[in-house]
1. Restricting to the stretch 14-42, name every residue that is surrounded by 10 or more Cβ atoms within 10 Å (Cβ to Cβ) and assigned to a loop (DSSP other than H, G, I, E, B).
2. Against the condition part of a loop (DSSP other than H, G, I, E, B) and either in contact with a strand residue (DSSP E or B) (Cβ under 9 Å, 6 or more places away or on another chain) or surrounded by 11 or more Cβ atoms within 10 Å (Cβ to Cβ) (or both), how does residue 51 come out, does it pass?
3. Please go through the stretch 62-109 and pick out each residue that is within 16 Å of residue 125 (Cα to Cα), assigned to a strand (DSSP E or B) and without any contact (Cβ under 8 Å) to a residue 12 or more places away in the chain.
4. Going by what's in this entry, would residue 44 be described as more than 19 Å from residue 125 (Cβ to Cβ) and modelled with pLDDT under 90?
5. Being assigned to a helix (DSSP H, G or I), surrounded by 17 or more Cβ atoms within 10 Å (Cβ to Cβ) and touching a residue at least 40 places away in the same chain (Cβ under 8 Å) is the filter here, so list the residues in the stretch 110-132 that pass it.
């Protein structure tokens, strides 16, 4: 297994195209609290967006590529699932906010860029999926 640092937005998100992150059943339930871990992550993202810091260690996300075929790469999340789920929840919230504000084009861009794969196979539609 090879580990390497990567930029969240430049590489990790880009590599998510055509991928599905699967949360295995052995992982613990989602436990991050809104006023603690989520608040800290949002604060860190805000500092980055404001330009207060150029680099920030957002944490480790470890996964194994368990399936690769023509249309999708399945990545089984080993570590970092709380952080990964929270980032997907933020993307969903931003998408829903854009929809509610009448910004359908932005909502669709968020959906196609971060939340859903372009596939007719419903099993691989969503980029984040619990293992069933």
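1. Within the stretch 14-42, 17, 18, 24, 27, 30, 32 meet the criteria.
2. Values: part of a loop (DSSP other than H, G, I, E, B): yes; either in contact with a strand residue (DSSP E or B) (Cβ under 9 Å, 6 or more places away or on another chain) or surrounded by 11 or more Cβ atoms within 10 Å (Cβ to Cβ) (or both): no.
No, not satisfied.
3. 67, 68
4. Yes: the conditions hold for residue 44.
5. Correct list: 114, 124.
The values are calculated or read from the model by the stated rules, or taken from the named source; none is laboratory data. Small disclaimer: the values here were computed from a predicted structure and weren't measured. Neighbour counts run over all protein chains shown; Cβ positions are idealised from the backbone, glycine included.
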